[in-house]
Amino acid sequence: MDTEPDTISTGLHEVAKLAKRAPDLAFTTLGHHLTVDALRVAFSGTRRDGAAGVDGQTAAGYEEHLEENLQSLLNRAKSGTYQAPPVRRTYIPKANGQLRPIGIPTLEDKVLQRAVVTILEAIYEQDFLDCSYGFRPRRSAHQALRALREALGRGRWVLEVDIQSFFDSIDHGHLRSFLDRRVRDGMIRRLIGKWMNAGVMEEGRVHHPEAGTPQGGVISPLLANVFLHYVLDEWFAMTVKPRLRKEARLIRYADDFVIVFQSEQDARRVCEVLPKRFARFGLTLHPKKTRLLSFDPPKKRKGGGDPGSDAGRRTFDFLGFTWYWGRTLKGGMAVKLRTAKNRWARALKSLTAWCRENRHKPISEQHRKVSEMLRGHYQYYGVTFNYLLLKCFLDKAKRAWRTWLSRRGRKGSMPWERFVRLLKRHPLPTPRIRVSIFPTR
């Protein structure tokens, strides 16, 4: 909240202190923190180039009369006359050829939800546990990777869990009961209820799902974290861990999580009870993607085989990385990670598709976009042990760009020598390790 006006940050700071001091307190007066200033800050944090919702409203058009629009939005939210519009559903292709549904809320919905999230975060950031990393301020996926590597240094049994259609399966009744524990302000709860019941518009028809969080909504990740805080995080910390024989550690990023155990017996006990716990709250674990595996370092095989080869190790994926045992420079074994094959292929496919669809644009514009995509890839996947796959990705990106530059016209393919000269004038960013996943001391 560093960029917020002093009046907002001061008020929410008091809410945060009270929430921390009284963990069982339910807040009944929060609406006064929703102000025009809060909405203005929320608007400034909303993407200007985002797709328009069902009303067609763009950020540029809304900004022309920003103060009037924000005051109108605030009046409607506080008077109860605000009507949450349905979310526009569209589809994007997945790496496996299937289509992934995504929801696009209206601009006003995004702004209002962002302002409400800021208020709720002041409370729930005092409740959420250290095992949770996804969609929280000052927490990141890289921190979760670091925590997992630290846990793997102590435990050797990994429970990899996948929740089927989590965001579409959240039970509204259970979610309301969880919210009751901390938030009972009438205006805030009324807005959340409207967003949950707004529905989805597809091909001109509005559907009203009986479960799930608002599709594409800014508030959805927070509601999901609240749900899993009570269903999983708090239950594991308060009920499960005291009954285990040895140490175990949960690392969760949104609905993706793994649990690392020191004891096989503990791991199998939790593996048996976890589906029952989730079923109690209307959730189902994917039977094929949920598994328990031994993650012991591989032993030297007969015949001098390399224990670091694919055939000599077990692996699992988490947050877009494949985790495995590999050799160190000194000849020992260490837990390492690399870009997961499906994520690597998806990123390359996306870059190649852009080059194909935009091959007739000016070279400078293509260079700017390809460089931007590469930097984004390096920003996330540029972690310890992953340099070779970053370099390989750059090589493939160069080949993809050259392939589609060769098809700009009737002059035939671009010789590699000519492409090298082009790269000297328009160099692509080189990969480098940006994030260390070694635990900080």
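The values are calculated or read from the model by the stated rules, or taken from the named source; none is laboratory data. It should be emphasised that the depicted structure is a prediction, and the values quoted were computed from it without experimental measurement. Every residue, glycine as well, gets a Cβ built from its backbone with ideal geometry; the counts of neighbours run over all protein chains shown. Just so you know, the surface numbers come from the protein's heavy atoms only, side chains and all, with ligands and any DNA or RNA stripped out. Shrake-Rupley method; radii C 1.70, N 1.55, O 1.52, S 1.80 Å.
Taking 8 Å as the Cα distance limit and 6 or more residues as the minimum spacing, I'd like the relative contact order of region 119-258 as a percentage. Relative contact order for region 119-258 comes out at 41 percent. Per the Debye formula on identical point scatterers at the alpha carbon atoms of the chain, with no solvent, log10 I(q)/I(0) at q = 0.07 Å⁻¹ is -0.44.
Largest GNM mean-square fluctuation across 425, 269, 181, computed for the chain with C-alpha springs under 10 Å, falls on 425. By the rule of a C-alpha distance below 19 Å, with chain neighbours fewer than 8 residues away ignored, the aspartates and glutamates paired with residue 17 are 2, 4, 6, 121, 125, 127, 130, 185. Straight-line cross-link reach from residue 330 at under 16 Å between alpha-carbon atoms covers these lysines, not counting any fewer than eight positions away in the same chain: 300. Here region 363-441 and region 20-57 have alpha carbon centers that stand 38 Å from each other. Pairs spanning more than 30 Å between alpha-carbon atoms, out of 369/391; 241/336; 289/398: 289/398. Per residue, region 351-441 exposes 62 Å² of accessible surface when a 1.4 Å probe is rolled over the protein heavy atoms with every protein chain present.
Full extension of the segment from residue 369 to residue 46, taken as 0.36 nm per residue of separation minus the current Cα-Cα distance, would add 114.1 nm. The GNM of the chain, with springs linking C-alpha atoms under 10 angstrom apart, assigns the highest mean-square fluctuation among 144, 237, 254 to 237. Computed log10 I(q)/I(0) for region 197-247 at 0.17, 0.21, 0.32 Å⁻¹: -0.65, -0.79, -1.13, from the Debye equation with unit scatterers placed on every C-alpha and solvent omitted. On the principal axes of its alpha-carbon atoms, region 229-387 has extents of 64, 50, 24 Å, going from largest to smallest.
Across region 3-87, the relative contact order, built from alpha-carbon pairs under 8 Å that are at least six residues apart, equals 30 percent.
Atom-type composition of the exposed protein surface of the chain places 49 percent of the accessible area on carbon and sulfur (1.4 angstrom probe). With all protein chains kept in place, the per residue accessible area of region 227-269 amounts to 41 square angstrom at a probe of 1.4 angstrom. Simple spin-label estimate for residue 168 and residue 350 gives 2.1 nm between the two label positions (7 Å along the Cα-to-Cβ direction from each Cα).
Quick one: of the DSSP bridges fully inside the chain, what percent are antiparallel, nearest 5? In the chain, DSSP labels about 90 percent of beta bridges as antiparallel.
When each of the peptides 270-283, 379-392 is scored by how many other beta carbons lie within 10 Å of its residues on average, the order from highest to lowest is 379-392, 270-283. Across region 265-276, computed HN-Hα scalar couplings (Karplus, 6.51 cos²θ - 1.76 cosθ + 1.60, θ = phi - 60°) run 4, 4, 4, 6, 5, 5, 4, 6, 8, 4, x, 5 Hz from first to last residue, x flagging Gly and Pro. Based on C-alpha pairs under 8 angstrom that are at least 6 apart in sequence, region 368-441 has a relative contact order of 52 percent. Average accessible surface for region 94-153: 36 Å² per residue, computed with a 1.4 Å probe over protein heavy atoms with every protein chain in place. A convex hull fitted to the Cα coordinates of region 341-441 yields 100 cubic angstrom per residue.
Helices in the chain, meaning DSSP H runs of at least 4 residues, each add -39500 (n - 2.57). Divided by all residues, the mean residue ellipticity at 222 nm is -13500 deg cm²/dmol.
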